[in-house]
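Colleague: Questions regarding the structure given below will be posed in turn.
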Amino acid sequence: MSQPVTIVEIAKESGVSIATVSRVMNGTAPVSEKTRQKVNDAIKKYHYTPNSLARGLINHQSMTIGIIIPDISNPYFSSMFAAFEKAAQDAGYSVFLCNTSFYSAARQTEDEPRELKYFQMLQSKNVDGILIVGGQADLISVNKKYSAALQYLAASIPVVVLGNPINGVDCQFIQRENGQGVSTAINYLYSLGHRSIAFVGGERGVGITEARLSAYENALMVLGLPFVRDQIALSDYYTPSGYTATKDLLKRTTKFTAMLTINDNVALGAYRALADAGLRIPDDVSIISCDQFFTADYFVPRLASIDQHNEQFGRFVIQVLLSAIHGIREDAQISFSPELVIRESCAACRTWNL
């Protein structure tokens, strides 16, 4: 059996140094297009695959990163993780996925110790960096035990957190939610003649919910519409609670002609609750979701949503983490905006009676 081709042979074949081959493969420094083409031709010719272990030994890195996710079954996080993993693999890194199951049903039981156990496990694996997505870090009020553990972790490993900054914790935080998508959705419903718009889903004390509720209230104020607390029905981020919250909303005396849901999961529950009440979408109630998942096109009728560009965002976040691993820490600026996707679940306002 022939021996696998090494980077030395690739360098010899393309007539460049080993360092130049490494630059081409890693994109760590500018290389002329002619040189890049020669190196890539040699790589294709010999089907060369870099040895991650060898690269790690040279660079004193394990070429692995840890990603801590609160609930991989949630399409919001699963779609984002797919983008994380693809971007990491493209950069030559392997990924440890840590699923903490951090959501309302588990919050009072084992969720917090589980997150801290993952901190310890990833440290023992000598990962090069860690990405923490939401979970405990997305709460408005974070307990001291978690803060101390995160600070201890960040003192030894580059850590990027997708969530609100935590006082006393020296790692890089990325705040994504600015409410822009909510404002876009409310303005669209207003353009269709809706003046009574309900909000369903999300939990108090969680960063993304608080940001979207604030944007909801501000959008109504800008448009001169009343803010009615009875038109808000919070639950969590899942279908069963979306159903229950909508049922509760329909029992109240305040009427509405349109509904904004925290995400597509909650919208699905709302669809069922409205159907059970004999209400039609969009004839009686228009619905739009703040967070589009891959299922939006398969609702009946198809669900209007805000595309938060989770895949693009996932690639952006991994680049921030990789920069931190290489000692580069800069303020991360998100340069893309949520996009309104118009579908069949919204129509011009029609009054209805419960």
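The values are calculated or read from the model by the stated rules, or taken from the named source; none is laboratory data. Only a predicted model underlies this, so the values are computations on that prediction, with no experimental measurement involved. No Cβ is skipped: glycine too gets one built from the backbone with ideal geometry, and neighbour counts run over all protein chains shown. Side chains included, ligands, DNA and RNA excluded: accessible areas come from the protein's heavy atoms. Shrake-Rupley method; radii C 1.70, N 1.55, O 1.52, S 1.80 Å.
Colleague: In whole percent, what relative contact order does the chain give with Cα contacts below 8 Å and a gap of six or more residues?
Modeller: Result for the chain is 14 percent.
Colleague: Normalising by the residue count of segment 223-354, find the relative contact order in percent from Cα pairs under 8 Å and 6+ residues apart.
Modeller: 23 percent
Colleague: Can you list residues from other chains, or at least 5 along the same chain, whose modelled amide H is less than 5 Å from the amide H of ILE132?
Modeller: Answer set, sorted by chain and number: ILE68, VAL160, VAL161, LEU162.
Colleague: Which angle from 0 to 90°, rounded to the nearest 10, does the C-alpha axis of helix 310-325 make with the longest principal axis of the chain?
Modeller: 40 degrees
Colleague: Turning to a different aspect of this structure: Give the long-range amide H neighbours of LEU139: residues separated by 5 or more places, or on another chain, with amide H under 5 Å away, using H modelled in the peptide plane at 1.01 Å from N.
Modeller: Answer set, sorted by chain and number: GLY207.
Colleague: What is the local net charge at SER32, summed over the other residues whose Cβ is closer than 12 Å to its Cβ (Lys, Arg +1; Asp, Glu -1)?
Modeller: Local charge sum for SER32: +3.
Colleague: Expressed in nm to one decimal, what extension gain is obtained for the pair LYS45 and LYS12 from 0.36 nm per residue of sequence separation less their Cα-Cα distance?
Modeller: Full-extension gain reported as 10.6 nm.
Colleague: Taking all protein chains as present, what is the carbon and sulfur share of the accessible area of the chain, in % to the nearest whole number, probe 1.4 Å?
Modeller: Looking at the chain in its full context, I get 51 percent from C and S.
Colleague: In the full protein assembly as shown, how much of LYS38 is accessible to a 1.4 Å probe, in Å² to the nearest 10?
Modeller: 90 Å²
Colleague: In what sequence, largest accessible area first, do ILE18, ILE232, ILE130 appear using a 1.4 Å probe? Don't jump to the answer; show the numbers that get you there.
Modeller: On the way: ILE18 80, ILE232 25, ILE130 0 Å².
Putting ILE18, ILE232, ILE130 in descending order of accessible area: ILE18, ILE232, ILE130.
Colleague: 5 Å is the cut-off here: which amide hydrogens, built 1.01 Å from N in the peptide plane, fall below it relative to THR64, excluding neighbours closer than 5 in sequence?
Modeller: Amide H to amide H, under 5 Å and 5 or more residues apart or across chains, THR64 pairs with SER94, ASP128.
Colleague: Note down the net charge around GLU9, summing +1 for each Lys or Arg and -1 for each Asp or Glu among other residues with Cβ under 15 Å from its Cβ. Spell out each step's value before the answer.
Modeller: On the way: positive: LYS12, LYS38, LYS44, LYS45; negative: GLU13, ASP41.
With Lys, Arg at +1 and Asp, Glu at -1, the neighbours total +2.
Colleague: When ligands, DNA and RNA are left out and all protein chains stay put, how many square angstrom of accessible area per residue does the chain have with a 1.4 Å probe?
Modeller: Numbers: 17250 Å² over 354 residues.
Using a 1.4 Å probe on heavy atoms only, each residue of the chain averages 49 Å².
Colleague: OK, next. Pick the calculated semi-axes √(5λ) of the Cα gyration tensor in Å for this structure from [x] 34, 22, 20; [y] 46, 24, 17; [z] 35, 30, 17?
Modeller: [y]
Colleague: For SER191, SER14, SER337, give me the order by solvent-accessible area with a 1.4 Å probe, most accessible first, ignoring ligands, DNA and RNA.
Modeller: SER191, SER337, SER14
Colleague: Still on this structure: Helix 180-191: angle to the longest alpha-carbon principal axis of the chain, degrees 0 to 90, nearest 10?
Modeller: Here the helix axis deviates by roughly 40 degrees.
Colleague: Let me ask another. Need one value: the accessible area of LYS44 in square angstrom, 1.4 angstrom probe, rounded to the nearest 10.
Modeller: Surface accessible to solvent at LYS44 totals approximately 140 Å².
Colleague: Can you tally the net charge around MET121? Count Lys and Arg as +1, Asp and Glu as -1, for every other residue whose Cβ sits under 13 Å from the Cβ of MET121.
Modeller: +2
Colleague: If one takes the longest principal axis of the Cα atoms in the chain, at what angle in degrees, from 0 to 90 and to the nearest 10, does the Cα axis of helix 264-276 lie?
Modeller: Between the helix axis and the principal axis of the chain, the angle is about 30 degrees.
Colleague: Let me ask something additional. For n ≥ 4 DSSP H runs only, could you compute -39500 (n - 2.57) per run for the chain, divide by its residues and tell me the 222 nm figure to the nearest 500?
Modeller: Helices in the chain give a 222 nm mean residue ellipticity of -13500 deg cm²/dmol.
Colleague: Using a 1.4 angstrom probe on the protein heavy atoms only, line up ARG302, ARG280, ARG252, ARG229 by accessible area, largest first.
Modeller: I get ARG229, ARG280, ARG302, ARG252, largest accessible area first.
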